[in-house]
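Data first, discussion second: the structure below is written as structure tokens.
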Amino acid sequence: MDTEAKFSSEVVRFLRRKLVASQWRGTLACDERVKILKDFTIGRTQGRWRLIAGFQQQDIVLYAPCQSIQMTEFSSRALRINKYDKTKQKPVIIPLLICELKIGVKTNTHALITYGSISAQLKSIFPHCAYHFVMDSNRERGMKPETVLRHSKGFDRVFLNWHEEKSKVWKAVENHFKYLEEYGLLPDKKNQSQPLRSAKVS
């Protein structure tokens, strides 16, 4: 794969096709480059103590649009939100599954460590969200299994060859959704709290 943008487009097209053909058609969405709530920090800004919300863009996010939190409900006088949405119209997405994508030739153990740490931070806020690390190919990098094992403890799953493992990626996604469904964490198609949005979140 030449670039992460091309890789991302291929992965999101594949996942969207699978969602359309699945039992979750119309209730779950898949988008690229979505900003997700990453952390909260208490700090003094503009003369008062505030809860500061930090957001970070993720490569691919699968979520239920009807389960988003509207910004009017999320924000308060005690909350400061930087670099997310100046219009305060964009809802806060509740991620159900995240795919971090990397081009094999540009990937090293530092990337595994860094994104494993990000995964742990996100899971401290969204404990029901699965986080998968997906490489287009391990051929150029040739990471050894023991190296991946040592540095990928923060991920739910690691896939080192997209073209050979895309069916396994979907199976992992499907199994996670079935788990969420079993515990009542997915929206009921018949009783959704608000209309679905089809607009891309970026």
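The values are calculated or read from the model by the stated rules, or taken from the named source; none is laboratory data. Here the structure is a predicted model, which means the values were calculated and not measured. For neighbour counting, all protein chains shown are included, and Cβ atoms are generated from backbone atoms with ideal geometry for every residue, glycine included.
Observations, loosely collected:
- Elements of type strands (runs of 3 or more DSSP E) in the stretch 1-90, at least 3 residues being at pLDDT below 90: 79-81
- Tallying residues that are modelled with pLDDT of 90 or more, more than 15 Å from Ile118 (Cα to Cα) and not charged (D, E, K, R) within the stretch 136-159 yields 1.
- When the residues of the stretch 91-121 are filtered to those that are touching a residue at least 24 places away in the same chain (Cβ under 8 Å) and assigned to a loop (DSSP other than H, G, I, E, B), the one that is nearest to His151 (Cα to Cα) is Asn108.
- Test result for Ser198, within 18 Å of Ser22 (Cβ to Cβ), in a loop (DSSP other than H, G, I, E, B) and at pLDDT below 80: yes
- Lone qualifier among Pro95, Pro91 - being in contact with a Cys (Cβ under 7 Å, 6 or more places away or on another chain), within 29 Å of Glu181 (Cα to Cα) and either of a type outside the set (A, V, I, L, M, F, W, C) or surrounded by fewer than 19 Cβ atoms within 10 Å (Cβ to Cβ) (or both): Pro95
- Meets criteria (touching a Pro at 6+ places or on another chain (Cβ under 8 Å) and either over 24 Å from Arg13 (Cβ atoms) or in contact (Cβ under 8 Å) with a residue 24 or more places away in the chain (or both)) for Ser76: no
- Residue match in the stretch 104-112 (condition: crowded, with 20+ Cβ neighbours inside 10 Å and under 13 Å from the mean Cα position of the chain (by Cα)): no
- Verdict on Val134 being of a type outside the set (Gly, Ala, Ser), surrounded by 13 or more Cβ atoms within 10 Å (Cβ to Cβ), in a helix (DSSP H, G or I) and touching a Lys or Arg at 6+ places or on another chain (Cβ under 8 Å): no
- Taking the stretch 130-160 as the range and being within 18 Å of the chain's Cα centre (by Cα) and of a type in the set (Ser, Thr, Tyr) as the test, the residues that pass are Tyr131, Ser152.
- Against the numbered list (1) out of contact with any helix residue (DSSP H, G or I) (no Cβ under 6 Å at 6 or more places or on another chain); (2) more than 16 Å from Thr3 (Cα to Cα), Val92 comes up short only at (1).
- Test result for Gln58, without any contact (Cβ under 8 Å) to a residue 24 or more places away in the chain and not aromatic (Phe, Trp, Tyr): no
- Subset of the stretch 32-62 [surrounded by 10 or more Cβ atoms within 10 Å (Cβ to Cβ) and either among the polar types (S, T, N, Q) or touching a Cys at 6+ places or on another chain (Cβ under 8 Å) (or both)]: Thr41, Thr45, Gln56, Gln57, Gln58, Asp59, Ile60, Val61, Leu62
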